[in-house]
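Asker: Following this message is one structure expressed as structure tokens.
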Amino acid sequence: MHLPPGLCSRGFAMKWERKDILGMKDLSVEEIHMILDTAESFLEVSARDIKKVPTLRGKTIINFFVEASTRTRTSFEIAGKRLSADTINISASASSLVKGETLADTARNLEAMNPDVIVIRHSCAGAPHMLAGLVRQSIINAGDGAHEHPSQALLDMMTIRNRKGGLSGLNVTIVGDIAHSRVARSNIYGLNKMGVCVTVAGPATMIPRDIQQLGVKVCFSLEEAILDADVIMMLRIQTEREQQNIFPSLREYSTFYCLNRENIKKAKKDVLVMHPGPVNRGVEISPEIADGVHSVILEQVTNGVAVRMALLYLLTGASS
Amino acid sequence: MMTPKKVVMDAAEIDRSLTRIAYEILEKNKGVEDLVLVGIRTGGVFLAERLRRKILDIEGAEVPCGILDITLYRDDLLLANKKPKIKKTDIPFSLDKKKVILVDDVLFTGRTIRAAMDALIDFGRPRSIQLAVLIDRGHRELPIRADFVGENLPSLLWEDISVNLIEKNGCDEVVIEDSGH
């Protein structure tokens, strides 16, 4: 294809060939760098008085959230709007899914309206992958069951990279219900690729057997797990799982695994504390830590918009 | 047929042109009051910085100098399969009621300048926008002209004109070469 004159001379053009963002497992190190670098530049747009650039004018983005979400959905919506795309939100309760339409049929109907990107969250692992094979539009996985949540891992990596000046060689400890966490899985895939040493910690019932095969260390004691950590990522304890007998009670969980003023003293002085939200104060993290000097929880949210702007920018373009 | 590179401006000529442009800016605007410089990435950034220093030498006054990345405002973004890399815009001052001197290395189709003006207006309401370029090579596709020009360089459409600057390429020169289509 003949490039317009400006494109050859002005700035380095990069190749982006991936149609969908389904998980950190598929992304290459180069692609991750490209997303994070692009996101870095988008941070500035959100800091302006007029937080809008005309880049995706005339593009349509459908946020199709079959599972509850405020943070991620709002973040994708804001990201699309700051790039001047038209964003449409569909939630499960207000969609034809409640009338018995299959996911595939809903997707084909959305496809027929010619959007450019479909962002999907679904409680079933693999739902975005199925749609990606079904429709010609770009699909972004905004969380599928306990499988992956790539945009969360990317914003976590962006936050770490900004604060620590890089990723390679760092120690990151992820604490909580690793078995049910798509945030943990995406971060493990992503961080490992970037040369980070990942440790997971939690009660044995929350650590999948053979998780070492993903290239992580396992630790059952919180104090021990945070000793060498540059970053501690606390996961939300899904309180609805209390009935599933994976932990005796929230109180017992928090006695052993709540990050608080006492046990954080064992960690490095400049340790970063992260949390993907929503936070259960006093369960996995005590309020003074969530709001304390080590916490970058709200920075994660700010970076989330920039990362999602980068994903939308990279995925929308000329159809080949 | 590739023709060899031809140097059309050397370091001394570039410097003299910039000195003249600095004087012209001051003359037209009657001094530095409300004046700000904004360089378009990448070449324009270094030229804006050089103009800032020249104005400081001539007038003894500091003029604020910002950086503009126009990528997000381009009209060809969705045409190509390659994605231009996005860099930061850095204008750490208000543009309201300012006389903005937009600086770029080469004026060609005018599309970059169109994008730059749209971007500037998103940052505030300048009193005026004036355009300073080192090279005007013709071939305009939009009704845009420069207020301050270093050198008019009529060129063929398939020729490449590069402005090499010490800050990015290690030497100061303007080179013209046949891109071989």
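The values are calculated or read from the model by the stated rules, or taken from the named source; none is laboratory data. Since the structure is predicted, the reported quantities are computational estimates derived from the model, not experimental observations. Positions of Cβ are generated from backbone atoms using ideal geometry, with glycine treated the same way; all protein chains shown enter the neighbour counts.
Asker: Please work out which residue is farthest from the other protein chains (Cβ to nearest Cβ), limiting yourself to the range A:11-25 and to residues that are farther than 15 Å from A:L191 by Cβ and at pLDDT 95 or above.
Answerer: The extreme case among them is A:L22.
Asker: Just for the range B:52-75: of the residues that are within 12 Å of chain A (Cβ to nearest Cβ) and assigned to a helix (DSSP H, G or I), which one is farthest from B:I113 (Cα to Cα)?
Answerer: B:L72
Asker: Taking the condition touching a residue at least 60 places away in the same chain (Cβ under 8 Å), within 13 Å of chain A (Cβ to nearest Cβ) and surrounded by fewer than 15 Cβ atoms within 10 Å (Cβ to Cβ), does B:K168 pass?
Answerer: For B:K168, the condition - touching a residue at least 60 places away in the same chain (Cβ under 8 Å), within 13 Å of chain A (Cβ to nearest Cβ) and surrounded by fewer than 15 Cβ atoms within 10 Å (Cβ to Cβ) - is met.
Asker: Suppose we filter B:I86, B:I40 for residues that are under 13 Å from B:V103 (Cα atoms), of a type in the set (A, V, I, L, M, F, W, C) and within 14 Å of chain A (Cβ to nearest Cβ); which single one remains?
Answerer: One residue alone meets the criteria, B:I40.
Asker: Further question on the same structure: Which residue out of A:N192, A:N187 is surrounded by fewer than 20 Cβ atoms within 10 Å (Cβ to Cβ) and either within 30 Å of A:R261 (Cβ to Cβ) or not charged (D, E, K, R) (or both)?
Answerer: A:N192
Asker: May I pose another question? Looking at the range B:114-145 only, could you name the residues that are within 12 Å of another protein chain (Cβ to nearest Cβ) and on the phi > 0 side of the Ramachandran plot?
Answerer: If the condition is that a residue be within 12 Å of another protein chain (Cβ to nearest Cβ) and on the phi > 0 side of the Ramachandran plot, then B:G124, B:H139 are the ones that fit.
Asker: If a residue has to be aliphatic (A, V, I, L, M) and not in a helix (DSSP H, G or I) to count, how many in the range A:65-124 make the cut?
Answerer: Final tally of qualifying residues: 11.
Asker: Is it the case that B:L18 is touching a strand residue (DSSP E or B) at 6+ places or on another chain (Cβ under 6 Å), touching a residue at least 12 places away in the same chain (Cβ under 8 Å) and not in a loop (DSSP other than H, G, I, E, B)?
Answerer: Considered against the rule, which asks whether it is touching a strand residue (DSSP E or B) at 6+ places or on another chain (Cβ under 6 Å), touching a residue at least 12 places away in the same chain (Cβ under 8 Å) and not in a loop (DSSP other than H, G, I, E, B), B:L18 comes out as no.
Asker: Which residue, of A:H294, A:H275, is buried (at least 23 other Cβ atoms within 10 Å of the Cβ) and either away from every other protein chain (no Cβ under 14 Å) or touching a residue at least 60 places away in the same chain (Cβ under 8 Å) (or both)?
Answerer: A:H275
Asker: Here is a further query. Tell me whether the range A:297-310 contains one or more residues that are farther than 30 Å from B:D76 by Cβ, in contact with a helix residue (DSSP H, G or I) (Cβ under 6 Å, 6 or more places away or on another chain) and in a loop (DSSP other than H, G, I, E, B).
Answerer: Checked the range A:297-310: no residue is farther than 30 Å from B:D76 by Cβ, in contact with a helix residue (DSSP H, G or I) (Cβ under 6 Å, 6 or more places away or on another chain) and in a loop (DSSP other than H, G, I, E, B).
Asker: OK, next. For B:R111, only one of the following conditions fails: (1) in contact with a Gly (Cβ under 7 Å, 6 or more places away or on another chain); (2) within 23 Å of B:E24 (Cβ to Cβ); (3) within 10 Å of chain A (Cβ to nearest Cβ); (4) not polar (S, T, N, Q). What is its number?
Answerer: The one condition B:R111 does not meet is (2).
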